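The values are calculated or read from the model by the stated rules, or taken from the named source; none is laboratory data. If you're wondering where the values come from, they're calculated on a predicted model, not measured in any experiment. Counting neighbours? That spans all protein chains shown, and the Cβs are built from the backbone with ideal geometry, glycine included.
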Amino acid sequence: MRLLNRTAGRLSRHRRGPLAGLVVLLLGLVISGSLYTAFSPAQADSQPSETDQVAQGKELFLASCSFCHGQNGEGVPTVREGYQLGPSLVGVGAAAVDFQVGTGRMPMVQPGQQAPRKPPVFSDEETAALAAYVASLGPGPAIPNESDYSIEGLSEEEREEAISRGGQIFLTNCTACHNFNGAGGAMPRGGYAPSLHGVEGKYIFEALLTGPQQMPNFSNGNLSPEEKRDVIAYLDSLEDNAEYAGFTLGGLGPVSEGLFAWLLGIGGLVGAAVWIASHTTRTKKSKVNP
Amino acid sequence: MSVDTSKVATSNRTDAATAKKPGPAGSLATWADDRLGLATAMKKNLRKVFPDHWSFMLGEIALWSFVVLLLTGVFLTLWFNPSMGHITYEGSYDQLRGVGMSESMASTLHISFDVRGGLLMRQMHHWAAAIFIASMMVHLLRVAFTGAYRKPRELNWVIGCILLLLGTLEGFTGYSLPDDLLSGTGVRAADGFLKATPVVGTYMSFLLFGGEFPGESIIPRLYIIHVLLIPGILLALIAAHMLLLVYHKHTQWPGPGRTEQNVVGYPMLPVYAAKAGGFFFMVFGVIALMGGLMSINPVWKFGPYDPTKVTAGSQPDWYMGWPDGLLRIMPSHMESVIFGYTISWNVLIPILLVPPLMLVILMLLPFIEGWITGDKRDHHLLQRPRNAPTRTAVMVALMTFYGLAWAAGGNDIIAIKLHLSINQITYFMRIAIFLGPLLAFWITRRWCISLQRHDNEKLLHGYETGIITRSPEGQYAERHLPISETAAYTLTARERDEIHAVGGDTDAAGVAAPNSRSEKLRARLSSWMYRHNVQKPTRAELEEAHHHAEHEAELQSGLDHPADGHQFDDHRLRDTDEVPLRDH
């Protein structure tokens, strides 16, 4: 009992400490979160059936997408001929929805040259429902399975081959816009090929399959699923490898290198010259007062 | 028997001075001098005096980075194989194993991944190249802005410009050697530039490549140009550049005790040998750090060159960026067809006409200036940029042109990093490349002139002390105090600009004066150059101003003013000592 009192006394000494409020808040959050997880109904049992999913997707679609894409996903043309508020989604398939919504590009915050990547608005479940609904509008590419874009199942030798083959496919088809390092590049009129760093394999596969925004469509007849997988394997290998040469300076090529040569190189050396010139000779060891 | 030295010399020593036994260094020097006879030459040159200013050390950065280039370059040649022979890569870099490439690419990868220290040396070599050319440009700007290119140094200026050109070509040939995707794209572009030359374009291209692009001989040819031809010329011209520097002696800033006839500074040994030697290690150290920490030209990510591939961000190294920028903003439809032959103005103008023209303008600058001023005297005292407003403004206009073209060369990177449209950047640059230099010229010249006015203010009315006094009537005024004599000397150590006056078209007998047209042009240019400049005050004006200041001080001396204005600055301390050039 005495021991307990002492412990409580030690703790209570901190009760007015600067961090006390934060600790109590964190404790409260952790406890309520764990209690909720323990008592909430299990998710696995409540997987909706396909028709339910489509129905849920349609509701979400009407609320969040139909303003631009039309009530039935038929697209909304604008007054200017050839332009549209949103394209028709008939036949774009579940893969397109999974890519656009899963990476946060859709729904767009505002009209613009290009929908930027941002934190997704919808949960995985809602995204799946939207995808199911749009897929029901017309046949299109489905969301790929993990085995489609992963080289996990291959032997060591096959993996190496896949990576070097993927590198060559990447350099032939992708670097012209996305840059040799996957750092991204400029497209006409404010568009851009986004950076591929940290993009999940699934989304790269879907982007190749569906050709979002300004990107061309690399259909399975053009680049086979294995070739798409190899490109993803190459990009993953670049990210897994150490940067052999030091800081990549953005991986943007000679422009950023020139910037650093001037700022750090010449800037530093001119600084050194100023330093040398300001330290002139003296004949005594002790510092002479100016 | 001892000699009584008091009869022959007055000395505080009691015995005769005898030569000390020479130390080991002295003996070695004597040994060498007996055989090489260097003492006479060294005696003079070891005591050679250099003036001390940071801006005089900018050219040294170029020199030392060139030394780093030679050292690292030799290392690289030990493993580099300049061959376009086709092989399959089997080295350490996983992602390219099994890929077909040229031997030069494979040996570059070998240097990068399988030679100990190879990647460091490659990166140091590349960074040193970038810094070499950058420091040449910074040095060039210093020389131009201070008027150091005036007589007798015009030819050394020309040599410097050729060094800049050769450095650029050397950089380009080196950049092309690894035969990676980026360099191959650059060589392809160079091939296009050659072919854009009217009439002889295709002949030149076939000559350079030994047939149709790419052929099998371009890499070996560029290699021999890169490691032998251009470095040889560079070395010879650097030697000439430095011999002329020694012959002309270094320029110096004006100041008390500094004239056109002397050089005030420290001797080569021990001061400048230590400073320059130390600077070499600093340059080496900065380049080594950059080479060790910062990636440059990661050829393994580019992969081998293949004409069917290209990457976003395909730019040349920075020093070739400005012609690339001109090419990027050139309207692409400018072509004319003459007798069935296409003249590609869209390549011809930005690549084959403007850059050589700019180089020629640069080389001619001292000659043009010398012709306009008609100044045939030697100049060893530098001018502050503000005291030559037109020259300074011309240089800033040229810099602006260069900078805009340079920025246009990175238009895609600017677009993605600043979230702009590449098209809008291009349209902006098309106009800015003409208006920008004019605007920069005007702003700079007015700026210089107002700085000149400020100098005159200081000479005539003193500097602003920051002491505000209130008169009995309630009027507030800031107290000005005279600047030190040293500072005043330095500010006035410049000449008055004289506008060249034209004699008249005809002489008294009615005969047209020779060169009257060019004389008139010269007079007009001279007026354009000098008309707006502010000249330093005359002796009478200075005396009048000082008289006025003394009168003021006298009036105030009787008042109860404990503050003379020096309480809050350190001028009282410094007035006794030598005051640096741009103090207050």
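Worth a mention:
- Out of B:Glu457, B:Glu478, B:Glu495, B:Glu464, sole residue that is more than 14 Å from every other protein chain (Cβ to nearest Cβ) and either on the phi > 0 side of the Ramachandran plot or in a loop (DSSP other than H, G, I, E, B) (or both): B:Glu495
- Looking across A:Tyr133, A:Tyr149, one residue alone is among the aromatic types (Phe, Trp, Tyr), touching a Phe, Trp or Tyr at 6+ places or on another chain (Cβ under 6 Å) and more than 16 Å from A:Tyr234 (Cα to Cα). It is A:Tyr133.
- Annotation: A:Ile204 fulfils all but one of (1) away from every other protein chain (no Cβ under 14 Å); (2) modelled with pLDDT under 90; the unmet one is (2).
Condition check ((1) among the β-branched types (Val, Ile, Thr); (2) within 19 Å of A:Pro144 (Cα to Cα); (3) in the same structural domain as A:Ser88 (by TED's automatic domain parsing)) across all residues:
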site: A:Ala183; (1), (2), (3): no, no, no
site: A:Ala186; (1), (2), (3): no, no, no
site: A:Pro194; (1), (2), (3): no, no, no
site: A:Glu200; (1), (2), (3): no, yes, no
site: A:Ile204; (1), (2), (3): yes, yes, no
site: A:Thr210; (1), (2), (3): yes, yes, no
site: A:Pro216; (1), (2), (3): no, yes, no
site: A:Glu226; (1), (2), (3): no, yes, no
site: A:Arg229; (1), (2), (3): no, yes, no
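- Condition met for B:Pro356 (surrounded by 21 or more Cβ atoms within 10 Å (Cβ to Cβ), part of a helix (DSSP H, G or I) and assigned by TED's automatic domain parsing to the domain that holds B:Pro198): no
- Filter pass, A:Glu243 being under 30 Å from B:Asp114 (Cα atoms) and at pLDDT below 95: yes
- Test: residue in segment A:132-146 that is at pLDDT below 95, assigned to a loop (DSSP other than H, G, I, E, B) and either within 13 Å of chain B (Cβ to nearest Cβ) or in contact with a Cys (Cβ under 7 Å, 6 or more places away or on another chain) (or both): no
- Number of the exception - A:Phe218 against (1) in contact with a Ser or Thr (Cβ under 8 Å, 6 or more places away or on another chain); (2) among the aromatic types (Phe, Trp, Tyr); (3) more than 8 Å from chain B (Cβ to nearest Cβ): (1)
- Residues that are within 15 Å of A:Phe122 (Cα to Cα) and not small (Gly, Ala, Ser) number at least 3 in the following helices (runs of 4 or more DSSP H) confined to segment A:44-103: A:50-64, A:93-102.
- Listed by position, the helices (runs of 4 or more DSSP H) contained in segment B:96-181 that have at least 1 residues being without any contact (Cβ under 8 Å) to a residue 24 or more places away in the chain are B:103-113, B:118-145.
- Only residues that are hydroxyl-bearing (Ser, Thr, Tyr) and crowded, with 19+ Cβ neighbours inside 10 Å were counted across segment B:443-462, and they come to 1.
- Only residues that are closer than 29 Å to B:Asn411 by Cα and touching a Leu at 6+ places or on another chain (Cβ under 9 Å) were counted across segment A:187-206, and they come to 5.
- Where A:Gly166 falls short, out of the listed (1) free of Cβ contacts under 8 Å to residues at least 40 places away in the same chain; (2) within 11 Å of chain B (Cβ to nearest Cβ): (1)
- Within segment A:157-168, none of the residues are under 19 Å from the mean Cα position of the chain (by Cα) and crowded, with 18+ Cβ neighbours inside 10 Å.
- Applying the set (1) crowded, with 19+ Cβ neighbours inside 10 Å; (2) within 18 Å of A:Gly251 (Cα to Cα); (3) away from chain B (no Cβ under 11 Å) to A:Cys177 leaves exactly one unmet item: (3).
- Evaluation of B:Asn297 against (1) in a helix (DSSP H, G or I); (2) within 14 Å of chain A (Cβ to nearest Cβ); (3) touching a residue at least 40 places away in the same chain (Cβ under 8 Å) (one fails), failing number: (1)
- Taken together, B:Arg445, B:Arg453, B:Arg479 contain a single residue that is of a type in the set (Lys, Arg), outside the structural domain of B:Trp528 (by TED's automatic domain parsing) and farther than 25 Å from B:Arg531 by Cβ, which is B:Arg479.
- Any hit, segment A:110-129, residues being acidic (Asp, Glu), free of Cβ contacts under 8 Å to residues at least 40 places away in the same chain and not in a helix (DSSP H, G or I): no
- Flag for B:Gly340 being at negative phi and among the small types (Gly, Ala, Ser): no
- For segment B:410-434, the set of residues classified as in contact (Cβ under 8 Å) with a residue 24 or more places away in the chain, more than 8 Å from every other protein chain (Cβ to nearest Cβ) and either crowded, with 21+ Cβ neighbours inside 10 Å or not polar (S, T, N, Q) (or both) consists of B:Met429, B:Arg430, B:Ala432, B:Ile433, listed by residue number.
- Flag for B:Leu58 being under 18 Å from the mean Cα position of the chain (by Cα) and surrounded by fewer than 21 Cβ atoms within 10 Å (Cβ to Cβ): no
- Just so you know, in segment B:366-408 the residues that are more than 21 Å from the chain's Cα centre (by Cα) and in a helix (DSSP H, G or I) include one that is nearest to the other protein chains (Cβ to nearest Cβ), and it is B:Ala408.
- Residue within segment A:194-201 that is small (Gly, Ala, Ser), within 14 Å of another protein chain (Cβ to nearest Cβ) and in a loop (DSSP other than H, G, I, E, B) present: yes
- Residues of segment A:127-154 that turn out to be out of contact with any Gly (no Cβ under 6 Å at 6 or more places or on another chain) and hydroxyl-bearing (Ser, Thr, Tyr), as a count: 3
- Lone unmet requirement of (1) farther than 28 Å from B:Ile414 by Cα; (2) without any contact (Cβ under 8 Å) to a residue 60 or more places away in the chain; (3) more than 7 Å from chain B (Cβ to nearest Cβ) for A:Ala272: (3)
- Reported count of residues in segment A:180-225, each being among the acidic types (Asp, Glu) and crowded, with 22+ Cβ neighbours inside 10 Å, is 1.
- Residue among B:Gly313, B:Gly292, B:Gly325 that alone is at the interface with chain A (Cβ under 9 Å from one of its Cβ atoms), in contact with a Gly (Cβ under 9 Å, 6 or more places away or on another chain) and assigned to a helix (DSSP H, G or I): B:Gly292
- Exclusive hit being within 24 Å of the chain's Cα centre (by Cα), in the same structural domain as B:Arg142 (by TED's automatic domain parsing) and of a type in the set (Val, Ile, Thr), set B:Ile329, B:Ile287: B:Ile287
- All of B:Arg47, B:Arg97, B:Arg35, B:Arg13 fail the test of being more than 42 Å from the chain's Cα centre (by Cα) and at pLDDT 85 or above, apart from B:Arg97.
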